[in-house]
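See structure below.
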Amino acid sequence: VRIQYGIMNTVFALIASTCAVFITSRLLNGKFHIYQIQIASISGGVAIGASSSFLTNPAIAMIIGLFAGIITTVPLNFLMPILKEKAFFHDSRGGFIVHGFSGVIGSVISSIATVLYTHDGIRDSSQWGFQLIGLAVTLAVAIASGLMIGTFCKFFFPLNKHQKRFHDDDNILTA
């Protein structure tokens with residue numbers, strides 16, 4: 001039964017996040033921004049992943065998907081241009097926003113779900129702390145390894161002083 005809940009909740013969260021991305025992209029840009037839709041439509045699946053088999057109500061999965069779609073599209077619209085210009089942070093596939101933001105949402109939701117839902121009639125209230133410790137360790141490893149790889153690439157593969165832009169599909173992928 002848990003497998004069916006996991007599949008059902010993942011599909012509902014993906015549908016809801018895709019709908020949220022279309023609506024949010026249209027509201028923020030006045031048109032559909034294909035890059036945002038392409039990147040953020042999977043955010044519901046990332047956010048629901050760890051807790052999909054705990055949830056028994058598909059409406060909760062859809063709310064999580066809607067929230068993940070919105071919380072992913074807004075930074076793609078406002079935060080990424082600032083990071084690209086000011087911090088020279090180039091994220092061509094949106095992994096920072098989609099997996100970072102949605103992954104944090106998913107970790108927090110899974111820690112809440114472990115407290116609220118029981119497994120075979122037994123409520124294990126200690127599991128939520130392990131979920132949050134896992135989130136902290138994951139963030140620490142991701143930040144440290146990202147900084148190391150970034151420093152390595154900057155040292156061994158420096159940019160040409162005339163090279164100001166990386167590859168950018170924004171002009172092509174705007175509907």
**Q.** Phi-based couplings in Hz for region 126-132 (Karplus 6.51, -1.76, 1.60; Gly and Pro marked x)
**A.** 8, 5, 4, x, 5, 4, 6
**Q.** Cα pair distances in region 27-150, grouped into 10 Å bins until the bin that holds the longest one, percent each
**A.** 12, 37, 32, 15, 4, 0
Q) What nm value, rounded to one decimal, do you get for the distance between Ile112 and Ser126 when each label is placed 7 Å out toward the C-beta? A) 2.5 nm
Q: Could you run the Karplus curve 6.51 cos²θ - 1.76 cosθ + 1.60 with θ = phi - 60° over region 14-31 and give me ³J(HN,Hα) per residue in whole Hz, x for Gly and Pro?
A: 5, 4, 5, 5, 5, 4, 5, 5, 4, 5, 5, 4, 5, 5, 7, 10, x, 7
**Q.** Simple spin-label estimate for Asn57 and Ser145 in nanometres, 7 Å along Cα-Cβ
**A.** 3.7 nm
(Q) Modelling each spin label as a point 7 Å along the Cα-to-Cβ direction, I'd like the Ile23/Phe157 distance in nm, to one decimal. (A) 4.0 nm
Q. Fully extended, how many nm does the chain gain between Phe78 and Phe32 (0.36 nm per residue separation, minus their Cα-Cα distance)?
A. 15.0 nm
**Q.** Accessible surface, 1.4 Å probe, highest first, among residues Leu27, Leu79
**A.** Leu27, Leu79
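The values are calculated or read from the model by the stated rules, or taken from the named source; none is laboratory data. Values in this document were obtained by computation on a predicted structure and should not be read as measured data. For neighbour counting, all protein chains shown are included, and Cβ atoms are generated from backbone atoms with ideal geometry for every residue, glycine included. We work out accessible area using only protein heavy atoms, side chains counted, and drop any ligands, DNA or RNA first. Shrake-Rupley method; radii C 1.70, N 1.55, O 1.52, S 1.80 Å.
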